[in-house]
1. Among the residues of the stretch 261-279, what is the count of those that are within 19 Å of Cys299 (Cβ to Cβ) and crowded, with 17+ Cβ neighbours inside 10 Å?
2. Is it the case that Ala38 is at pLDDT 80 or above and either within 22 Å of Phe269 (Cα to Cα) or more than 18 Å from the chain's Cα centre (by Cα) (or both)?
3. When only residues in the stretch 201-240 that are closer than 20 Å to Gln267 by Cβ and aliphatic (A, V, I, L, M) count, which is modelled with the lowest pLDDT?
4. Please find, within the stretch 182-198, the residue that is farthest from the chain's Cα centre (by Cα) out of those that are modelled with pLDDT of 90 or more and assigned to a strand (DSSP E or B).
5. Considering Ala71, Ala49, which residue is in contact (Cβ under 8 Å) with a residue 12 or more places away in the chain and either in contact with a helix residue (DSSP H, G or I) (Cβ under 7 Å, 6 or more places away or on another chain) or in a strand (DSSP E or B) (or both)?
6. Pairs please, first residue from the stretch 238-260 and among the small types (Gly, Ala, Ser), second anywhere and modelled with pLDDT under 85 and part of a loop (DSSP other than H, G, I, E, B), Cβ atoms under 8 Å, 6+ apart in sequence or on different chains.
7. Mind counting the residues in the stretch 149-163 that are more than 15 Å from Leu96 (Cα to Cα) and either touching a strand residue (DSSP E or B) at 6+ places or on another chain (Cβ under 8 Å) or hydrophobic (A, V, I, L, M, F, W, C) (or both)?
8. Could you figure out which of (1) at pLDDT 85 or above; (2) more than 24 Å from Leu176 (Cα to Cα) isn't true of Gly95?
Amino acid sequence: MGLLIGIMLVCGIFGTRTLACDGPWRNLGQPAGSVTSATINPADGSVWATGSNGIYTCADGDTVWHFAGLATQSVFKLTCFPYYGPNVFAVTWGGLYMRLADTTWVHLSAPGGGYYQQRDYSICPYDTSLRVCSNFSTDFGSMIYVSRNSGQDWTNIYEEEGATALFTNLTWSRTLENVFYFIGGAGVHQTNLADSTTRTLLPFSTFLPLAVASHPQQPWVYAAAGTHIGRYDEAADDTMMAPLPPGVTNIMNIAYTEEGLLANTDQGFFHVSDDLATWQPDSINTVQAYLVYTSADRCLGVTYAAGRAGVYVSSRPNAVHAQQNVPASAQLGVYPNPFNPTTEIRFDLPQAARVELKVYNSLGQLVSTLLDETRAAGSYSIPWNGQNHATGLYFCQIKAGPFTATRKMLLLK
């Protein structure tokens, strides 16, 4: 998750970085003005980015940018929540906005009043009535607020004084209920909403930690900042720190992708082993860019280099690495099953194909369309949240080229 970094902060601290640009990377051009934030809407694959005069969007597979509203707002962060609709949100200097349709946005109530700027916002994936947000003020510092009724009422649960706090990267735990992480001050913090306690897990004494990433299967949370990277084990309640490999002097973003942990450094992209001991370069063909968004299977980078400026999108972080792990046959599975309320729908593709992935109820009625796009050969995991659906039997169906399969899913609440 959520892993979007405010590109102005990244540029201000580290300067220009390197983005791999092999075959899977494609230049979408860019909207008018500087791009300070970008994201991908998992619902339709569209790319969303800020410009000098508002927010712009580019359809999946297209290179034409269309104005999407908020022309008068300075946007700090764009984010999408695939388990909530409408699912495009903008964190701006003037507050929090949610897109309704076309260029229409609604201003949402947020805590802090006029003294604070909203810096980040997140909706819990297994309980969408649970929200957290962070505010910042040069006079009062940073605060974390929680809402348990879909943003109607907010409670301050943590704060730090000083202009260096800058609480960002609100990331929900994959294994611990009512627990989320955020970066700020000089460390990565964990908040448990069951008792409203916050503690520092991974201290970074020199650099503000810039990125947090969660392992999709193991109870591990990674964080990176400057010259170090760390891992917190939720099951063992233990932390470890590791230095960067020789020649790498700065790291400013990490993400857990289909190929494992991906690190964006001043020497390009690296695939990093789970124990942080082995670093493998991603590519030899590069453009100067900043990594601003990552998901399990797609990345976004932004560059202003002469002749190559634009937003770059990747379907897979490393095509060469992916080809070495192509599945032998097409498969479909669901885990956990039974589940409450989220599960992972996993499928393998031995070759590229147009994929339709849908969920039906016991009456045969379509409940959700999870995918309708072309995917490269490889293994995929797509989450499905049954929070807003009744207990009962559901069916997941995939159509990928000649391969068709259906699996039963039991939602128990």
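1. Number of matching residues: 12.
2. On the way: at pLDDT 80 or above: yes; either within 22 Å of Phe269 (Cα to Cα) or more than 18 Å from the chain's Cα centre (by Cα) (or both): yes.
Considered against the rule, which asks whether it is at pLDDT 80 or above and either within 22 Å of Phe269 (Cα to Cα) or more than 18 Å from the chain's Cα centre (by Cα) (or both), Ala38 comes out as yes.
3. Within the stretch 201-240, the match that is modelled with the lowest pLDDT is Leu210.
4. The extreme case among them is Thr197.
5. On the way: Ala71 fails: either in contact with a helix residue (DSSP H, G or I) (Cβ under 7 Å, 6 or more places away or on another chain) or in a strand (DSSP E or B) (or both).
Sole residue among the options that is in contact (Cβ under 8 Å) with a residue 12 or more places away in the chain and either in contact with a helix residue (DSSP H, G or I) (Cβ under 7 Å, 6 or more places away or on another chain) or in a strand (DSSP E or B) (or both): Ala49.
6. Final answer for the pair search is Gly247/Gln267; Ala255/Leu3; Ala255/Ser295.
7. Step one: filter the stretch 149-163 for residues more than 15 Å from Leu96 (Cα to Cα), giving 149, 155-163.
Then drop every residue that is not either touching a strand residue (DSSP E or B) at 6+ places or on another chain (Cβ under 8 Å) or hydrophobic (A, V, I, L, M, F, W, C) (or both), which leaves 155-163.
Qualifying residue count for the region: 9.
8. Result: Gly95 fails condition (1) only.
The values are calculated or read from the model by the stated rules, or taken from the named source; none is laboratory data. Predicted model only: the values in this text are computed from it and were never measured. So basically every Cβ, Gly included, is an ideal-geometry build from the backbone, and we count neighbours across all protein chains shown.
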